[in-house]
Amino acid sequence: MILEDLSLLTSLLAGTTIFLGGIVEGFGYGLSLGTSWPYTRDIHKVAIRGDPEAIHRVLATLVGLFSLVLIITYFSALTIIGFISIVFTAFLGMATLYVLAGKLPSFFQGFHDIAAYTTFLTYMLLFTQAKVNLLAFFTNPVLLSFYAVIFIGGTVTGMRKMKKPIGYFTLPKEGQQIVWTLHGISIIVLLYFALVFGYLYAFLFVILDAGLGMIMYYFINKSPQKPGIYVSLHQFLAICTALTIALYALRII
């Protein structure tokens, strides 16, 4: 019972951390604490004052601590994967700060997002206690397509450094426009695989998220530093998509 409860809590915290990442981007808090990770000395005070980046870092630290407890007390393939994924998320989180500061390539942010979603999914798998072939699960074409969408979307965020517009265009000319176009193509691929494999709810969530993505695109161009709540809602629908893909793969739905 403790295993299931702690796994669920860890997964929910990981998902909340992803959602808060959208708040951070949407309201211009990307470098509110600078490039130091994980802490400033008074981070708890900053978090209490409502800085979403501080709360994001505190929750990420809690996920790491719970991950450590789980791998010590319930050593298994899933707890190993979960621990490795949170370690990668932490290191790539540090890299993301340097991406925003213009010191590292933007694709680091894409890898960070993959690691974050892997953490969320791994502890959700651990919570279900389902007997699953992990290689088959993580090489599922629908999930791999989802990862491609997440990676390219994160790379777009890294390229605009949470402060630049993507710009309106007919044919992509600038780098971020080209990558944003690839992001759109990857969504079409994800929709195709979701439809072929019969992942209806995942298909619907992707449609909703793509529609919200177009709204977000408008607000990123209108107010690139603070596009608003749409970014976090975009992440929320992506979390729902990841969850439904997992549930279909486990034959729970």
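A few notes on this one:
- Anisotropy class of the stretch 43-121 from Cα gyration tensor, a/c 1.5 cut: oblate
- Low-density loop positions, trypsin sites (Lys or Arg not before Pro), the stretch 139-221 - DSSP coil, at most 16 other Cβ in 10 Å: Lys163, Lys173
- 26 Å Cα-Cα threshold exceeded, pairs from Lys161/Lys222; Lys45/Lys103; Lys45/Lys164: Lys45/Lys103; Lys45/Lys164
- Fewest-first ranking of Ser67, Ser36, Ser106, using other Cβ atoms within 10 Å as the exposure measure: Ser36, Ser106, Ser67
- Each residue of the stretch 200-217 is assigned a 3J(HN,Hα), and the resulting list reads 4, 5, 4, 4, 5, 5, 5, 4, 4, 5, 5, x, 5, x, 5, 5, 4, 4 Hz, derived from the Karplus form 6.51 cos²θ - 1.76 cosθ + 1.60 (θ = phi - 60°), x at Gly and Pro.
- Shape category assigned to the stretch 1-141 from the gyration tensor of Cα positions, a/c cut at 1.5: prolate
- Of Leu212, Leu243, Phe193, farthest towards positive along the dipole that unit charges on Lys, Arg, Asp, Glu beta carbons give the stretch 153-253: Leu212
- Shape of the stretch 2-249, Cα gyration tensor, a/c cut at 1.5: oblate
- Estimated vicinal HN-Hα couplings, Hz - the stretch 72-79 in sequence order (Karplus 6.51, -1.76, 1.60; Gly, Pro = x): 6, 8, 9, 5, 7, 4, 5, 5
- Neighbour counts of C-beta atoms inside 10 Å place Thr118, Thr73, Thr61 in the sequence Thr73, Thr61, Thr118, starting with the fewest.
- Between Ile207, Ile80, Ile72, the Gaussian network model of the chain with springs among Cα atoms under 10 angstrom shows the greatest mean-square fluctuation at Ile72.
- MRE, 222 nm, helices only [DSSP H, n ≥ 4, -39500 (n - 2.57), over the chain, to nearest 500]: -25500 deg cm²/dmol
- Taking packing as the residue-averaged number of other Cβ atoms within 10 angstrom, the listed peptides 97-103, 18-24 run from highest to lowest as 18-24, 97-103.
Values in this text are rule-based calculations from the coordinates and carry no lab data. All values derive from a computational prediction rather than experimental measurement. Note that we place each Cβ from the backbone using ideal geometry, even for glycine, and neighbour counts take in every protein chain shown.
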